[in-house]
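Q: One structure is given below, represented as structure tokens, and several questions about it will come after.
What follows draws every value from the coordinates through simple rules; no lab data is involved. No experiment lies behind these values; they were computed from the predicted model shown. Note that each Cβ is placed from the backbone with ideal geometry, even for glycine, and that neighbours are counted across all protein chains shown.
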Amino acid sequence: MARESMTEMLQNARDGKYGVAAFNILDYSSFKVVVETANELEAPVIVQTSVKTINLWGYDAIASWYKELTKNASVPVALHVDHCTDLEVIKNCIKAGWSSVMIDASSKPFEENLEISRKVVELASAANVSVEAELGEIGGVEDDLIIEEEDATLADPAKAKIFCEELDLAVFAPAIGTAHGVYSGEPKIAFDRIEEIAKTTGVPLALHGGTGLSDEVFKKCIGMGCAKVNISTQLKHTYINSFTDFKKENPNLFEPVKFIEYQIKRLKNDVKENIILFGGAGKART
Ligand SMILES: [Zn+2]
């Protein structure tokens, strides 16, 4: 086990009706928290990097963390690039050792999205790297990409079927009413759309914009075929709030290690809660 693509873990998750948590990490310490917690819970896990995070640390550094942290892991861990629009970045990820990539050409017209995604599948499959592709437009903010709520469009089931027939995807990300970032009101999830797309495509689905959904919504989506559940915003908030909370409690303390230790504790709680909520604990047991 240890370093793996997403293909098998998501097939197993869809068949077993549980979700594999996919956490957007920010640095070495959050990467370590995710791998160690998954290991303790015997859960398969996906570590995601935004392109912004890659630009901050570089390909080789992140790839070396992946190697180091999974060396003694007994669970499958995928390293995935989230919402990538740039083929060059995808090529570099594959070369550096990512086990999975997401091509997001969802802002392009259908045929163009299909062509770009097809190219990525070709590149990736030659290197045994799994692929996620998106159809429709998921609302909210992801990196520097802002989709206003009224501009977010749900994926069309008929087009989703063609898209998934044409492409060999490990996971398919249809826009189904969730949004990235913080929900301003009650999220309007198109459950009927999820159900229909899961059935017609037969491909494990990715649930984007997970932060802020209720436990019931998560469970319903997972039961319908959302095998990959993305958690990004929650970790970003905990990452920042852990420092500010700790500073409030210890106004005269200037020992960074203490801050980092506290941050690790808080991040670990989040990672643990999500893995358990999605049903992933114990699923990596052989
Ligand atoms: Zn997303």
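Q: Pop a pseudo-label 7 angstrom from the Cα along the beta-carbon direction at both K248 and R285 and give the gap in nm to one decimal.
A: 4.0 nm
Q: So, one more: Among DSSP bridges having both ends in the chain, what percentage is antiparallel? Round to the nearest 5.
A: 10 percent
Q: Something else: Would you kindly calculate the translational diffusion coefficient of the chain, applying Stokes-Einstein with the Kirkwood radius from alpha carbon pairs, for 20 °C and a viscosity of 1.002 mPa s, and quote it in µm² s⁻¹ without decimals?
A: 114 µm²/s
Q: Pop the C-beta distance of Y28 and N269 into the FRET formula with R0 = 22 Å and round what comes out to the nearest 0.05.
A: It comes to 0.70.
Q: Any idea what the relative contact order of the chain is, in percent, if you count C-alpha pairs under 8 Å spaced at least 6 apart?
A: Value for the chain: 23 percent.
Q: What whole-number value in cubic angstrom gives the convex hull volume per residue for the C-alpha atoms of region 1-77?
A: It is 82 Å³ per residue.
Q: Averaging sequence separations of C-alpha pairs under 8 Å and six or more residues apart, then dividing by the length of region 146-271, give the relative contact order as a whole percent.
A: Over region 146-271, the number comes to 20 percent.
Q: I would also like to ask the following. Rounded, prolate or oblate for region 133-286? Axes are the square roots of the Cα gyration tensor eigenvalues, ordered a ≥ b ≥ c, and the cut-off for rounded is a/c under 1.5.
A: Taking the square roots of the gyration eigenvalues as a ≥ b ≥ c, region 133-286 is prolate.
Q: Subtracting the Cα-Cα distance from 0.36 nm times the residue separation, let me have the gained length for E8 to K199 in nm, one decimal.
A: Length gained between E8 and K199: 66.9 nm.
Q: I need the calculated FRET efficiency for the pair E255 and L56, taking r as the beta carbon distance and R₀ as 22 Å, to the nearest 0.05.
A: According to the calculation, E is roughly 0.35.
Q: OK, next. Could you pull out every residue, at least 5 positions away or on a different chain, whose amide H is within less than 5 Å of the one on L135? Hs are placed 1.01 Å off N in the peptide plane, and Pro or chain starts have none.
A: Hits under the 5 Å cutoff: A173, A175.
Q: How would region 14-55 be classified by its alpha-carbon gyration tensor: rounded, prolate or oblate, with rounded meaning a/c under 1.5 and the a/b versus b/c comparison settling the rest?
A: Oblate is the answer for region 14-55, as a/c is 1.5 or above yet b/c matches or exceeds a/b.
Q: Label points 7 Å out from Cα along the Cβ direction at K67 and F191: separation in nm?
A: Result for the modelled spin labels: 4.7 nm.
Q: Moving on to the next point. For region 217-224, take each phi angle, set θ = phi - 60°, evaluate the Karplus expression 6.51 cos²θ - 1.76 cosθ + 1.60, and give the result in whole Hz per residue in order, putting x for glycine and proline.
A: 5, 4, 5, 5, 5, 5, x, 7
Q: Further, regarding this structure: For a test of the definition: using alpha carbon positions, the gyration tensor, and the 1.5 limit on a/c, classify region 60-212 as rounded, prolate or oblate.
A: Prolate, since a/c reaches 1.5 and a/b exceeds b/c.
Q: Can you give the FRET efficiency for H237 and E88, using 1/(1 + (r/R0)^6), R0 = 22 Å, r = Cβ-Cβ distance, to the nearest 0.05?
A: 0.10
Q: Run the simple label-point estimate for I162 and V217 please: 7 Å along Cα→C-beta, distance reported in nm.
A: 3.1 nm
Q: Can you compute the helix-only [θ] at 222 nm over the chain? Use -39500 (n - 2.57) per DSSP H run of at least 4 residues, normalise by all residues, nearest 500 deg cm²/dmol.
A: Taken over the chain, the calculation gives -15500 deg cm²/dmol.
Q: Cβ under 13 Å from N241's Cβ, N241 left aside: what net charge do those residues give with Lys, Arg +1 and Asp, Glu -1?
A: Overall, the nearby charge balance is +2.
Q: Greater than 32 Å separation of Cα atoms is the criterion. Which listed pairs, K219/K268; K188/K236; K32/K248; K220/K258; K17/K71; K71/K220, meet it?
A: Check vs 32 Å cut-off fails for K220/K258; K71/K220.
Q: So what's the net charge close to A96: Lys and Arg +1, Asp and Glu -1, counting the other residues with Cβ under 12 Å from its Cβ?
A: Every neighbour counted, the sum reads +2.
Q: Which order do D156, D215, D245 fall in if you start with the one that has the fewest other Cβ atoms within 10 Å?
A: Least to most surrounded, the residues fall as D215, D245, D156.
Q: Count the net charge of all other residues whose Cβ sits under 10 Å from the Cβ of G223, scoring Lys and Arg as +1 and Asp and Glu as -1.
A: +2
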